[in-house]
Amino acid sequence: MPLLRSSLLPTVLKILKERLAQLVPEKQEEVKKIKKDHGSKVLGNVTVDMVYGGMRGIKGLVWEGSLLDPEEGIRFRGLTIPDCQQQLPSAPSGEEPLPEGLFWLLLTGEVPTSEQAAYLSSEWAARSELPAFIKELLDKAPKTMHPMTQFSLAVTALQSESQFAKVYHEGVHKSKYWEYTYEDSMNLIAKLPNIAGRIYQNTFKDGKVPAISKSADYGQNIATILGFGDNKQFVELMRLYMTIHSDHEGGNVSAHATHLVGSALSDPYLSFASGLNGLAGPLHGLANQEVLRWIMKMRDELGSAEVSDDTIKEYVWKTLKSGQVVPGYGHAVLRKTDPRYTCQREFALKHLPNDPLFKMVSQLYKVVPDVLTEHGKTKNPWPNVDAHSGVLLQHYGLVEQDFYTVLFGVSRSLGVLAQLIWDRALGMPIERPKSVTSADFKRLS
Ligand code: CMX
């Protein structure tokens, strides 16, 4: 799909669903033609190593919103992160892209106008209220329950509101699936700030949840509900954070889990809850909490924020020798510094260059890649997104590390639900790859 600025379209549409209704038949025809013209072409070989190796490099999924290049990093519908910062609409008083614009881009392949992004802000604010039973459920959760468990629980419980599940039960025609998936996805995305805010205020504060403004954008409302709404830099950080964590093509655990569960026609709530459960793993999204914990522990053990490169090097070796990973470093696909890391580093250089933890993160960036290279196991010794996000949050006072992956999850909803809508629009079948036993490999000639 060619990248267009929405304002160049013959009819300037404000309503995302109406624009999608125009695009769906076009895309269905396009896919039909791709299957007819290219259906029997070979995409690559599959070796036994790849099968034992977590299916790395096997091309087996279609993901429209984004593509990850090992050297260059992520592109959202062809746009790099700096492109998004330049081209997507920002708030009237802000500089960073609005996640609303990114969602429009992911769904349509078109850069929206400010008016279209503002339409999404008001739609999400209007749909944001939580049903009473979800509030009660979260209020009753023990404070000791991990925020990601509370998050997954609330999203799963919201499933009882699914329009898709309801109309499926009543016998809806499959050509309408995408429309109900769209409605559920919009409602779910809209309610996430209230869920995240309630989890944060209940678990770490006094349980009083600030109200969302019906006239504010998504990033502003997330900042508000966490208690940082008056801090303009934090609001900008939330807009940027929600944009860059949204999507990372289809094979990562949270994206693939959402897509896989959705392929059984489980509704968006159940599908996204599966994605969240995957994001909560320490090798995936939970790494952002692990990074800050690891840095704090290092600072405590080393007794000062200012230590030599050699002392840090020794600490990294100690982590490796104790059989643990260095959190925030390495990636299954990337082979260079993650541009999501670079973008957060630039934000820090601009707004908090003298923050002591940021300085430590910068020092780690100098030291860790060489150590990991010398260690010789990691295919990518460079930092990923999670090596930087926590240090920005703690600078503004969001110091509760266990909460960090919840913010990642709110953002990830944008990418995985955009794809889920397309999955239903394109009639993607139930996913069912073939498995084999180890004994089968021994019989190979
Ligand atoms: N520290 C120590 N060892 C590492 C490492 C790291 N940061 N990254 C990879 N390795 C090790 C692997 O554990 C593996 O060891 P074994 O052969 O003993 O099993 C070896 O190097 C080869 O791994 P790889 O092919 O380079 O990496 P994978 O594709 O298997 O895994 C990832 C990718 C991200 C899980 C891994 O690099 C890692 O564990 N990193 C630390 C956790 C982290 O930051 N995760 C967040 C990723 C981004 C996200 O999803 O949010």
What size of dipole, in debye to the nearest 20, comes out for the chain about its Cα centre when the only charges are +1 on Lys and Arg C-beta atoms and -1 on Asp and Glu C-beta atoms?
980
Could you pull out the pairs from 14/176; 32/191; 14/35 whose alpha carbons sit more than 26 Å apart here?
32/191; 14/35
Within the under-13-Å Cβ sphere about residue 362, not counting residue 362, Lys/Arg +1 and Asp/Glu -1 give a net charge of -1
At 0.36 nm per residue, and after removing the present C-alpha to C-alpha distance, how many nm does the segment from residue 335 to residue 15 gain when stretched out fully?
111.3 nm
Divide the volume of the convex hull of the Cα atoms of the stretch 292-427 by its number of residues and quote the answer in cubic angstrom per residue.
137
Any lysines with Cα under 16 Å of the residue 143 Cα? List them, leaving off those in the same chain fewer than 8 positions away.
135, 205, 208
Per residue value of the accessible surface for the chain (all protein chains in place, 1.4 Å probe), Å²
45
Run the quick spin-label model on residue 143 and residue 232: label points 7 Å from Cα toward the beta carbon, then report their separation in nm to one decimal.
3.5
Please give the net charge around residue 163, taking every other residue with its beta carbon less than 14 angstrom from that of residue 163, where Lys and Arg add +1 and Asp and Glu add -1.
0
Provide the convex hull volume over Cα atoms per residue for the chain, in Å³.
164
Global form of the stretch 354-445, assessed from the alpha-carbon gyration tensor, a/c cut-off 1.5
oblate
Given the rule -39500 (n - 2.57) for each run of at least 4 DSSP H residues, summed and divided by the residues of the chain, what is its mean residue ellipticity at 222 nm, to the nearest 500 deg cm²/dmol?
-18500 deg cm²/dmol
On alpha carbon coordinates alone, what is the Rg over Rh value for the stretch 239-368, Rh being the Kirkwood radius?
1.03
Quick one: net charge of residue 262's neighbours, Cβ under 12 Å, K/R +1, D/E -1?
-3
Where a ≥ b ≥ c are root eigenvalues of the Cα gyration tensor, a/c under 1.5 meaning rounded, otherwise prolate if a/b exceeds b/c and oblate otherwise, the stretch 90-173 counts as oblate
Return a single number: how many Lys pairs in the stretch 283-366, at a sequence separation of 8 or more or on separate chains, have alpha-carbon atoms below 15 angstrom apart.
6
Roughly how many nanometres apart are two label points built 7 Å out from the Cα toward the Cβ at residue 59 and residue 160?
4.6
So for the stretch 317-375, using the alpha carbon gyration tensor with a ≥ b ≥ c as root eigenvalues (a/c under 1.5 gives rounded; past that, a/b versus b/c decides prolate or oblate), I'd call it oblate
Which helices pass in the chain if a helix is a full DSSP H run, must span at least 27 angstrom along its long axis by Cα, and must have mean Kyte-Doolittle hydropathy not below -1.0?
177-204, 356-375, 404-425
Label residue 29 and residue 170 with points 7 Å out from Cα along Cα→Cβ: what is the distance between them in nm?
3.1
Using a 1.4 Å probe on the protein chains only, how many percent of the accessible area of the chain belongs to carbon and sulfur?
54
Given R₀ = 22 Å, FRET efficiency for residue 205-residue 296 by Cβ-Cβ distance, to 0.05?
0.60
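The values are calculated or read from the model by the stated rules, or taken from the named source; none is laboratory data. Keep in mind that what you see is a predicted model, and the values were worked out from it rather than measured. Cβ coordinates were reconstructed from backbone atoms using ideal geometry, including for glycine residues, and neighbour counts include every protein chain displayed. Surface areas here come from the heavy atoms of the whole protein model, side chains and all, with no ligands, DNA or RNA. Shrake-Rupley method; radii C 1.70, N 1.55, O 1.52, S 1.80 Å.
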